[in-house]
Amino acid sequence: MLKPSKMQGIENMTTITLPALPYGYEDLAPHISKETLEFHHDKHHNTYVVNLNNLIAGTELEGKTLDEIIKATAGDAAKAGVFNNAAQVWNHTFYWNCMAKNGGGKATGALAAKIDEAFGSYEKFAEEFAAAATTQFGSGWAWLVADEVNGKLSIMKTSNADTPMAHGKVAVLTIDVWEHAYYIDFRNARPVYIKTFLESLVNWDYANAKYAGQDAGVEK
Ligand code: ZN
């Protein structure tokens with residue numbers, strides 16, 4: 001049932017919205033094209049936002065934050081539709097921020113030392129991350145995550161919409177390996193897309209900020 005404010009056409013401030021890309025549509029070219037970003041952000045990502053708002057309208061989840069919706073529906077088969085759309089909204093917003101114009105290459109900042117500590121070297125990390133992204137069967141995501149309790153870094157992969165916060169992990173970096181993420185630019189060559197992501201796109205400043213937030217959380 002619609003709330004009176006909606007029937008009057010007044011914007012409901014608690015509706016989940018589609019964030020703008022954190023860069024221009026041509027900024028990731030030649031690696032990721034404007035066409036991919038237009039389809040992936042304006043159509044795929046937006047569809048998850050629209051579906052989610054439709055699914056939560058008039059329910060107890062309306063007005064909750066995305067994180068609250070994801071945590072409230074994770075593992076509940078009866079709410080799989082809401083979870084899938086909410087997690088996909090979250091995952092995509094996170095993924096956009098994980099890339100930057102002139103990004104990629106070795107990790108920087110405090111995270112560089114933490115990656116060496118956890119994986120042995122940046123090269124070993126890159127190998128493990130690429131292996132997870134390559135071997136994720138079908139649609140899904142590969143992640144660098146920090147444990148919610150002890151902050152320990154690890155690699156994980158998730159299927160379809162699944163997301164680290166549903167498993168006690170804090171996302172630090174992700175790559176979308178749904179075909180819609182790479183098919184226009186790389187066709188079926190998922191490994192080339194993954195290599196390009198690591199070498200030319202990763203936004204280490206963002207990953208560092210996410211990891212720093214995690215550290216702060218652990219100390220509380
Ligand atoms: Zn996607």
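Observations
- Test result for His31, within 16 Å of the ligand (Cβ to nearest atom), surrounded by 14 or more Cβ atoms within 10 Å (Cβ to Cβ) and either of a type in the set (Lys, Arg) or under 19 Å from Asp162 (Cβ atoms) (or both): no
- Listed by first and then second residue, the pairs linking a residue in the stretch 83-103 that is among the aromatic types (Phe, Trp, Tyr) to a residue that is within 12 Å of the ligand (Cβ to nearest atom), with Cβ atoms under 6 Å apart and 6 or more places separating them unless they lie on different chains, are Phe94/Thr174; Tyr95/Thr174; Tyr95/Asp176.
- Some residue of the stretch 130-138 being in a helix (DSSP H, G or I), more than 16 Å from the ligand (Cβ to nearest atom) and of a type in the set (Phe, Trp, Tyr): no
- Contact map, the stretch 52-66: first residue farther than 20 Å from His92 by Cα, second residue charged (D, E, K, R) and at pLDDT below 95, Cβ cut-off under 7 Å, separation 6 or more or different chains; the map is empty.
- Counting only helices (runs of 4 or more DSSP H) wholly contained in the stretch 140-220, the ones carrying 2 or more residues that are charged (D, E, K, R) and over 18 Å from the mean Cα position of the chain (by Cα) occupy 204-219.
- Members of the stretch 44-74 found to be within 16 Å of the ligand (Cβ to nearest atom) and of a type in the set (Ser, Thr, Tyr), listed by number: Thr47, Tyr48
- Residue pairs whose Cβ atoms lie under 7 Å apart, separated by 6 or more positions or on different chains, with the first residue in the stretch 178-195 and over 13 Å from Glu35 (Cβ atoms) and the second within 13 Å of the ligand (Cβ to nearest atom) and of a type in the set (Phe, Trp, Tyr), are Arg190/Tyr182; Tyr193/Tyr182.
- Taking the criterion of being more than 16 Å from the chain's Cα centre (by Cα) and hydroxyl-bearing (Ser, Thr, Tyr), the only residue of the stretch 37-64 that qualifies is Thr59.
- For the stretch 147-180, the set of residues classified as surrounded by fewer than 20 Cβ atoms within 10 Å (Cβ to Cβ), away from the ligand (no atom under 15 Å from the Cβ) and among the charged types (D, E, K, R) consists of Asp147, Glu148, Lys152, listed by residue number.
- Matching option when the condition is loosely packed, with under 15 Cβ neighbours inside 10 Å, under 22 Å from Asn188 (Cβ atoms) and hydroxyl-bearing (Ser, Thr, Tyr), among Thr59, Thr36, Thr135, Thr47: Thr135
- Summed over the stretch 75-98, the residues that are assigned to a helix (DSSP H, G or I), more than 24 Å from Tyr206 (Cα to Cα) and either modelled with pLDDT under 95 or away from the ligand (no atom under 13 Å from the Cβ) (or both) give a count of 7.
The values are calculated or read from the model by the stated rules, or taken from the named source; none is laboratory data. Small disclaimer: the values here were computed from a predicted structure and weren't measured. With ideal geometry, Cβ positions are generated from the backbone for all residues, glycine too; neighbour counts draw on all protein chains shown.
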